[in-house]
Amino acid sequence: MKKFEDIINQLTEENPEALLADGFEETLIGMARRTGQPTLAVYDVFKCIKILEKKHKLTEDEAWEYFDFNVAGSWMGEHTPIFFDNLRGF
């Protein structure tokens, strides 16, 4: 898997306006591309939840509630990151 710096360098090259999710650097897993759309940062949802549980001392339910409202639920325009959920937790 590519390192954070490698992903950021490539992402910045393809879309200098791409937004990043502060505090979730270690959950960045890559980039998403779609014809006619800007390249976006992609984060692993389950890793984000683990970060919230650990750093903010939240229960899993609290972490999901916080994530859904404050992270995934934050629309900051067309350069907003994508949060990938591969349903591995279910």
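The values are calculated or read from the model by the stated rules, or taken from the named source; none is laboratory data. On a predicted model such as this, the values are computed, not experimentally measured, just so you know. Here Cβ is always computed from backbone atoms with ideal geometry, including for glycine, and neighbour counts include all displayed protein chains. The area values use the complete protein model at the heavy-atom level, side chains included, leaving out ligands, DNA and RNA. Shrake-Rupley method; radii C 1.70, N 1.55, O 1.52, S 1.80 Å.
Below is a table of values for the structure above.
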read-out: Flag for ALA41 being in contact (Cβ under 8 Å) with a residue 60 or more places away in the chain, within 15 Å of the chain's Cα centre (by Cα), surrounded by 17 or more Cβ atoms within 10 Å (Cβ to Cβ) and more than 16 Å from PHE69 (Cα to Cα); value: no
read-out: Some residue of region 70-81 being without any contact (Cβ under 8 Å) to a residue 12 or more places away in the chain, open to solvent by less than 60 Å² (accessible area, probe 1.4 Å) and under 14 Å from the mean Cα position of the chain (by Cα); value: yes
read-out: Of residues in region 9-22 being more than 10 Å from the chain's Cα centre (by Cα) and open to solvent by less than 30 Å² (accessible area, probe 1.4 Å), the one nearest to HIS79 (Cα to Cα); value: ALA18
read-out: Any chance ALA63 is at pLDDT 95 or above, surrounded by 15 or more Cβ atoms within 10 Å (Cβ to Cβ), among the small types (Gly, Ala, Ser) and in contact with a His (Cβ under 9 Å, 6 or more places away or on another chain); value: yes
read-out: Which numbered condition GLY89 misses (of (1) open to solvent by 60 Å² or more (accessible area, probe 1.4 Å); (2) modelled with pLDDT under 95); value: (1)
